[in-house]
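The values are calculated or read from the model by the stated rules, or taken from the named source; none is laboratory data. Computed from a predicted model, the values in this text were never measured in an experiment. Quick reminder, even Gly has a Cβ in these numbers, built from the backbone with ideal geometry, and neighbours come from all protein chains shown. Side chains included, ligands, DNA and RNA excluded: accessible areas come from the protein's heavy atoms. Shrake-Rupley method; radii C 1.70, N 1.55, O 1.52, S 1.80 Å.
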Amino acid sequence: QVQLVASGGGLVQAGGSLRLSCAASGLTFGDYAMGWYRQAPGKERDVVALITSGGTTTYYKESVEGRFTISRDNAKNTVYLQMNSLKPEDTAVYYCASHRNWGRLQIGLYEYWGQGTQVTVSS
């Protein structure tokens with residue numbers, strides 16, 4: 001049974017930082033591209049950052065580029081999202097997802113989806 005367990009969310013003031021983690025089990029982690037998505041109340045789900053299976057290529061939503069960094073540790077079956085200079089508009093539930101095909105993950109398709117972790121940024 002595949003599980004993606006996200007953690008690390010919380011309440012932070014604007015300008016602060018958080019580090020999200022997503023621990024995967026039940027799959028060959030190194031075969032999968034991974035991604036972080038978010039959904040704010042009343043808004044559609046949005047891709048935040050993606051990383052290829054080997055970690056050599058990343059993609060960022062324009063509004064987070066330069067502030068967020070996605071990384072992965074294939075030995076620990078974990079993908080991370082370091083979020084710096086947080087803004088109130090970053091407030092959302094953050095989810096991690098995986099797909100063996102990088103291109104499909106880029107267009108929002110996924111094979112596995114984890115539970116979310118709430119990030120709240122106060123002004």
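Taking only segment 92-111 into account, find how many residues are at pLDDT 95 or above and among the basic types (Lys, Arg).
1
Among 65, 89, which is in contact with a helix residue (DSSP H, G or I) (Cβ under 8 Å, 6 or more places away or on another chain) and open to solvent by 60 Å² or more (accessible area, probe 1.4 Å)?
89
Which pairs turn up if I take residues in segment 17-33 that are within 12 Å of residue 117 (Cα to Cα) and look for partners that are open to solvent by less than 30 Å² (accessible area, probe 1.4 Å) and of a type in the set (Ser, Thr, Tyr) with beta carbon separation below 7 Å, at least 6 apart in sequence or on another chain?
Pairs that qualify, where the first residue is within 12 Å of residue 117 (Cα to Cα) and the partner is open to solvent by less than 30 Å² (accessible area, probe 1.4 Å) and of a type in the set (Ser, Thr, Tyr), are 20/94; 20/117; 21/78; 22/78.
Counting just the residues of segment 114-123 that are outside any loop (DSSP other than H, G, I, E, B) and over 11 Å from the mean Cα position of the chain (by Cα), which one comes out farthest from residue 24 (Cα to Cα)?
Only one residue tops the list, namely 122.
Scan segment 106-123 for residues that are under 12 Å from residue 4 (Cα atoms) and either of a type in the set (S, T, N, Q) or surrounded by 22 or more Cβ atoms within 10 Å (Cβ to Cβ) (or both) and report the count.
3
Is it true that some residue in segment 92-105 is open to solvent by less than 50 Å² (accessible area, probe 1.4 Å) and in a loop (DSSP other than H, G, I, E, B)?
no
Residues that are modelled with pLDDT of 95 or more and not hydrophobic (A, V, I, L, M, F, W, C): list the strands (runs of 3 or more DSSP E) wholly contained in segment 1-91 that include at least 1 such residues.
3-7, 10-13, 18-25, 33-39, 58-60, 68-73, 78-83
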